[in-house]
Every structure is written in structure tokens, then in C-alpha cells.
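To keep things clear, I will list the structure first and then write my remarks on it.
Computed from the coordinates by the stated procedures, all read-outs in this text should not be read as laboratory data. All values derive from a computational prediction rather than experimental measurement. Neighbour counts run over all protein chains shown; Cβ positions are idealised from the backbone, glycine included.
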Amino acid sequence: MTQIRDFSGGIHPAENKQVSTGKPIQTAGVPGQLVLPLQQHIGEPAEPAVAIGDRVLKGEIIANVSQGMGVPVHAPTSGVIVSIGDQPVPHPSGMVDKCIVLNPDGKDEWCERSPTSDYRSLDRDQVLGIIKSAGVSGMGGAGFPTNIKLKPPRDRKVDTLILNGAECEPYITADDMTMRERAREVVAGLKIMAWLLRPERCVIGIEDNKPEAATALRKATQGTQIEIAVIPTKYPSGGEKQLIQILTGMEVPSGGIPADIGVMCQNVGTAVAVAQAVFEGSPLISRIVTVTGEAVEKPGNFDVLLGTPVEYLLEQASLQPSRTNRLVLGGPMMGYTLTTTAVPIIKTSNCIIAATANELPAPPPEQACIRCGQCAEVCPMELLPQQLFWHAKATEFEKAEHLNLFDCIECGACSYVCPSSIPLVQYYRYAKGEIRIQRAEQVKADRARERFEARQDRLEREQQEKELRRKERARAAAKAQAQKQASAEKAVASGEAVDERAAKSVLVEQALARKKASTEASHAKAAAPAKPAQEKPDIDALEKQFSQAQAKLETMQTMLEDAKAQQADNVEKLERAVAKNHDRVKQAEDTLADARKTLAAEPQPTK
């Protein structure tokens, strides 16, 4: 027998659950168009695996996650991809995001599936792979990928596995009807998760306002060691940390997760999706959604294809637009008002409330805090909502974070009891968002600093290596010069260089004699009388000289480029040589051009 405990705070708002539990779960049908966001859970968004114009089958992967934390998106029915782009998505801000739009063809033709009858014969990683490939993510909260959650770190052994069937928020009955009508699938999914985790204890927690669901689960768990724990109805008993405290008496540490204390929570809808993925080979392409409120004539729970527009679903429940004052996605405590009915149902959508003005009236204007302390009394996390509000309003985010702002589960209990109608949760969300932005900016700054420091280190290292190479070349040159000097001295000492020196002297004298003769010839030519007729220029010789000058210039330029690349010591010398050869090429080119003009100006012989 499970010992039931209590948690601090909590409230008892009007339940309004009986409105949508009078009929069995209905099939919503196939709308004319399905809009499938690429991000329907916490983690990385999926990337399209299809193109516009492709025909896809029911259950086929249309978007996948290649890296990071995420799961794929599947086609809820067969049809044709008509667009891939930004569409309105479920979000408090009314934002748009990248979506795949599918037009159903009416055939509802399945792709090939691979059901598994005996999952125990597989490795655990194989079963986790099946769950990931089926696109299963948490269906009761923020949508954490289930395959990752079912594989905790080795140092965090899960001793207690809890299936959350509390469904504490008013109006919502999707989990209640799932447990009533699909109890066997719920238990089957729980058994798979228990086989993966090997906990010592499995518990299904249900609030005492769901007697039919508790009865159905007791019947489905006969002959097993699974415990059915019926807990008192109090909001937010369905919160993960609160349910753990109720069923185990342990508290999740601030900033921690349930696995830190050996506990794991899963939603009953997630358990059904796991069972269908393993035993049927069916991916997560639909979910149960509660459509309720006084503005619909046929409230109830619907089995809805993911991507179904809210507008279509409201039509199935016979919405009365004239009576509709607000449309809320989710529950009245943690949900948010929809700005358009074009948004689609996604994996985490569990309720749509079409409320009249009397049912969910607009909140009165915010007034000054009177410091009554009621918010602190009802806070299930034992925080200080009043101080958090002041710090958030004053943008003192560091102080708010110091008071464990991120432990707030945004249940809305504080806002519900506030006599000044202060939207406390909105202030907390704002503060959390700003802190996340600041953290992201800090991460960017840190990465930029790391890149700069790495670049500076690299440049300094390259400079040191360059200096080291220069010193090595200098040492090598000095060593070669020393060896040459030593060889010369040795040759002089042994008398071997006498003839060589004599030969060199003869060569120098001959060169000087040639230079002298050339100078004298030039002077004699200048002193000689001018010839009556100018000699005809030798164009072929001049062209040959010009070509030779060009070739030598190209060779010198190549040598200069190689020297620069190797950071050689003779770069300056080669630059001077290249400049000198440029002049020689220019001179040869001018001489050739003058010769051609002279030749062209001579009178041509008459024939």
C-alpha cells in the first residue's frame, strides 16, 4: 500500500471536468490540410526530409533530427507536401515557425511498419531506437524526448518509476479518458519503460476525482506488481515534483531533476505512444485532445491527427462563435490565449477551451501589491512570490535568480489567489526569458574571447616558429661559412691553392684586358667620321635579345616568389634583381620598336 503524503501550498479551483467526460473518445477525422511544425518538443528542431510535391505515406518520416536532442516528425496520413515554410504555431507569443504543410489524399495509406512482439529479445538500445524513430516525446509537459529520458546516466539509478495520471488542472480530461478506455495500452507502455529502467517500484498516481480511470487501471494491472495510488485532489498535484513528493516523500533538490533522487515520471499518454511504437510499429501521429467550454455544443475528447488546425477541431465540437469570448490552448491555469485558430495541434497539445465571457472573464486591472502573503501560502515550491515579483519588475534578475526563480513551475496558483490581480507568472516568465537571453549573450562573448585568445596564441606561436627558423638558417649559413673558411685555410697551409689562385688572377687580368679593349673601340668609333648611310638594323637579333630578357625576368620573378614563401634571407637581393631585369626588358623592347620604325621608314625599292 502506497503511503500518501502532502506537499506545501496548493489550491482547489473549480474542476469543470464533467463537461467533457460524458462521451467516449471520438475520432476527429482528417482535415483538408495538416500543418506540422518542425519543432514540437524541447530540443533541436527537425530538418525537412521531403520536398514540395512529394507524395508521402501515413507514418513516413517527413522531418528528422541529424544531431542534437530531438525526434523525427511523421506524416499523420498519406498525401502530398504542398509547402515548407513559416506558419503560425502554438506559442504564447503568437509566433510563426517553419512547418511542413500536407494535403491529405483521402487514402490514408500506411507506410511499411515493423511491429515487435517480443521486445525483451532485443537490446535496450534497440528498443530506445524504436521509441526515438517513432517520434515519441513527453505528452504531459514540455515534450522532452522520451528515448533520452529513458536512458539516464549510469550514476543515476532509477528506483521508482511513476506514471502521472493525476491530471490536476481544471477542464482537462484527456488523460482521464485515456486511462478509462486504453488502460491496457497504458500498462503495456509502463511495462516497456520498466523493462528499460529496471526500477524497484512502479506506481501510477491518479487523483481521487477519477474513480473510473482508477478502476480500469486496477483491472489492467491485476497479476502485476504495479501500484495504483489514488491521491487527494489538489492543484498542482500533477506537477512532477509535487507528485514525487506525494508518492515517495522525497523532494527534488533545487535546480535538480527527479533522476537525482532515483525517481522518474512519465505521462500516461506517453506510455500509450511507447506501446504503439513497439507493438504496432506506429509512430506518434495523433493524440487525445480535450475540447471543452461553454461556447461549444459538443464538448468531449477527440483522437486528433497531429497538424490538425484548431479551427477544424472546434468545428467538430460545434463551436458557437457568437458566445466565444476566449480560446485557451491548455488549461485555465497554465494555458494561454490563442490569437488565431490557424495554429495546429502538436505533440504537447492536450486541451482547447472555448470559454464564454461569464466562464473565463477578463482579469481586472493590475493593482499595487498589498503584501497579504497569500501567494507565498499557496506556492507548491515554497518560494517567495512577492519578492520574486519585485525583483522581476525592477529587472533585478540576479536577485530573483538567487531566490530560486527557476524552481518556479509556473502553475499559476499565486496569480489565482492574488487579490490585486497581479499576473505574477507573467513577470516570472519575463524574468526567466531575460536571464536566458543574458546567459546566451554571455556564452557568445565567452566563445568570442576564446577565439580571440586562440588566434593570439597561434600568431605568437607562428612568430616564434618563424624566428626559430631564421636563427636556424643563420646558424646553418655561419656553419657553412666557417667550414668554407676552414677549408681555405687548410688549402693555403698545404699549398694546394697556389695554382688555383694563379689561375684566378689570370682570368681577372684577361677580363680587365677585354674591358679595356672594348672601351678603346668605343672611343674610336665615336671619333670616326659619320657614315654616309645608316646600317640596316638586325630585327631578328633584337627580337632574340628581347625574348631572352623576358625569360630571364620570369625566372627571377619565380625565384623571388619562392623566396618569399620560404621567408628566405635573400628576398631583398632578388627584388633588386627583378627590378633591374624589368629595366632590361623595357630597354630591349624600346630598341626593337625603334628598329622596326627605322626599317619601316626606309624607301622601298622600285620594281
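Only lysines eight or more places from residue 393 in sequence, or on another chain, were considered; those with a Cα closer than 21 Å are 432. Full extension of the chain between residue 93 and residue 67 yields a length gain of 6.6 nm, computed as 0.36 nm times the residue separation minus the alpha carbon distance. Show that you can apply the helix-only estimate: for the chain, add -39,500 (n - 2.57) for every DSSP H stretch of four or more residues, divide by all residues, and state [θ] at 222 nm to the nearest 500. After summing the helix terms and dividing by residue count, I get -14000 deg cm²/dmol. Taking packing as the residue-averaged number of other Cβ atoms within 10 angstrom, the listed peptides 288-301, 394-407 run from highest to lowest as 288-301, 394-407. By the Cβ rule of 4.7 Å, the chain holds the following cysteines without a possible disulfide partner: 99, 111, 168, 202, 265, 351, 369, 372, 379, 408, 411, 418. A protection proxy built from the mean count of other Cβ atoms within 10 Å ranks the segments 32-44, 353-365, 559-571, 58-70, most packed first, as 32-44, 58-70, 353-365, 559-571.
In whole Å, how far is the Cα centre of segment 176-216 from that of segment 64-135? So the two Cα centres are separated by 25 Å. Which entries of 151/399; 151/347; 479/552 show an alpha-carbon separation above 27 angstrom in the structure shown? Violating the 27 Å limit, Cα to Cα: 151/399; 479/552. Could you compute the FRET efficiency for residue 362 and residue 200, with r as their C-beta to C-beta distance and R0 at 56 Å, rounded to 0.05? Plugging the Cβ-Cβ distance into 1/(1 + (r/R0)^6) gives 0.65. Going down the table (191/219; 157/219; 23/298; 516/580; 149/219), which pairs top 21 Å between alpha carbons? Cα-Cα > 21 Å for 157/219; 516/580; 149/219; rest within. One quarter of the convex hull surface, Cα atoms only: what value does that give for segment 5-132 in nm²? So the Cα hull casts an average projection of 13.5 nm².
Inter-label distance, residue 254 to residue 398: 1.7 nm, where each label sits 7 Å from its Cα along the C-beta direction.
Please state, rounded to one decimal and in Å, the Kirkwood hydrodynamic radius that segment 108-235 gives when every pair of distinct Cα atoms enters the mean of 1/r. One decimal place: 16.0 Å for the Kirkwood radius. Share of antiparallel DSSP beta bridges in segment 187-305, in percent to the nearest 5? Here the antiparallel bridges make up roughly 55 percent for segment 187-305. Rounded to the nearest 0.05, the FRET efficiency derived from the C-beta distance between residue 14 and residue 280 at R0 = 30 Å is 0.20.
Rg and Dmax, both from the Cα atoms of the chain and both in Å, are 43.0, 136.
Take peptides 314-326, 540-552, 171-183 and line them up by average Cβ neighbours within 10 Å, highest first, as a rough protection proxy.
Result, highest mean Cβ count within 10 Å first: 171-183, 314-326, 540-552.
Counting only residues at least eight positions apart within a chain, or on another chain, the lysines with an alpha carbon under 29 Å from that of residue 484 are 466, 471, 504, 564, 573.
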